[in-house]
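What follows draws every value from the coordinates through simple rules; no lab data is involved. Note that this is a predicted model, so its numbers are computed, not measured. Note that each Cβ is placed from the backbone with ideal geometry, even for glycine, and that neighbours are counted across all protein chains shown.
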Amino acid sequence: MRSLNRKLISYFLILMLAMSNMTYASNAYAREASLNQEPSAGAMFMDGVFARIPMTVVTVFGAVLFVVTLPFSATGGNVGQAADKLVVEPFESAWRRPLGEM
């Protein structure tokens, strides 16, 4: 009975490993296909209105929050990490990536 359980568990684990590998390959193919396509006008419009404008506002508020919490970040030793999360990442999301690409 134990050998049957071990065989079933082994087959199940092999099946799960194979399925995870297939999922990874299909995700990689989808990413590559999406990188080769130009964004549509609708995607650019939606990105400009519903992503860029709010991310610009988040960047401004993040900069204000960074300055307000700077003494605490300096005490904790994570000024660089706070700057990255509160200012740099929203700024890059709003201004550095191509329009229409999420």
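For the range 63-72, take each phi angle, set θ = phi - 60°, evaluate the Karplus expression 6.51 cos²θ - 1.76 cosθ + 1.60, and give the result in whole Hz per residue in order, putting x for glycine and proline.
5, 5, 5, 4, 5, 5, 8, 4, x, 6
Test of understanding: express the Cα radius of gyration of the range 51-97 as a ratio to 2.2 N^0.38 Å, with N the residue count. Don't skip to the end; give the middle numbers.
Details: Rg = 11.0 Å, N = 47, 2.2 N^0.38 = 9.5 Å.
It is 1.16.
Using a 7 Å offset from the Cα along the Cα-to-Cβ direction at both Phe72 and Arg97, what is the distance between the two label points in nm, to one decimal?
Going from the Phe72 label point to the Arg97 one covers 2.8 nm.
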